[in-house]
Amino acid sequence: MTDSASLHLGDQATLHYRLSCQGEILVDTFTEGPETFTLGHGEIDARLETLLLGLRVGDQRLFDLAPGEAFGPHDPAMIHTLPRDDFPSSLELAVNHGVDFALPNGQTVSGTVLEIDADNVRVDFNHPLAGLPVNFEVQILAITPK
């Protein structure tokens, strides 16, 4: 751990961060306790990771990101209508709630239920913050170089 090194891909960073959207705080480790992760390992969105590159221990920054900059633009092609029969009957679906799908390759994709009727379920597979302005505040506490 060093206080002179700047963050690079592969480094482990311990930091506080606050993520908010349109005045609503979504995550706040300043009150919950810091988190540690490795840059470039997909633990946070790559667009947010790039904002951390070059920061040093003690740096504190506030990034005001325009709509789409943090989690990409909202893509209408990522909204799909699926047959209700594709969902287990035991699954309680609700509008505005998340639903996870296991892909054949073992990955999981998440979506938000938009509409439900007797035959179909309309699901938005965009990130919930896609296309929205986001505030991302960070304070770097420690860096362990790769």
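The values are calculated or read from the model by the stated rules, or taken from the named source; none is laboratory data. Small disclaimer: the values here were computed from a predicted structure and weren't measured. Glycine also receives a Cβ, built like all others from the backbone with ideal geometry; neighbour counts cover every protein chain displayed.
Observations
- Matching entry among T14, T50, T31, T81 (being within 19 Å of A142 (Cα to Cα), among the hydroxyl-bearing types (S, T, Y) and in contact (Cβ under 8 Å) with a residue 24 or more places away in the chain): T14
- The number of residues in the stretch 89-127 being under 14 Å from the mean Cα position of the chain (by Cα) and in contact (Cβ under 8 Å) with a residue 40 or more places away in the chain comes to 3.
- The residues of the stretch 76-94 that are at pLDDT below 90 and touching a strand residue (DSSP E or B) at 6+ places or on another chain (Cβ under 9 Å), listed by number, are D86, F87, L91.
- Criterion (in contact with a His (Cβ under 8 Å, 6 or more places away or on another chain) and modelled with pLDDT of 90 or more) met by exactly one of P67, P133, P145, P73: P145
- Residues of the stretch 10-56 that turn out to be assigned to a loop (DSSP other than H, G, I, E, B), exposed (fewer than 13 other Cβ atoms within 10 Å of the Cβ) and not charged (D, E, K, R), as a count: 7
- Flag if R122 is on the phi < 0 side of the Ramachandran plot, of a type in the set (K, R) and in a strand (DSSP E or B): yes
- Among the residues here, G111 qualifies as assigned to a strand (DSSP E or B) and in contact with a Gly (Cβ under 9 Å, 6 or more places away or on another chain).
- Hits in the stretch 34-64 (condition: modelled with pLDDT of 95 or more, among the small types (G, A, S) and out of contact with any Leu (no Cβ under 7 Å at 6 or more places or on another chain)): G58
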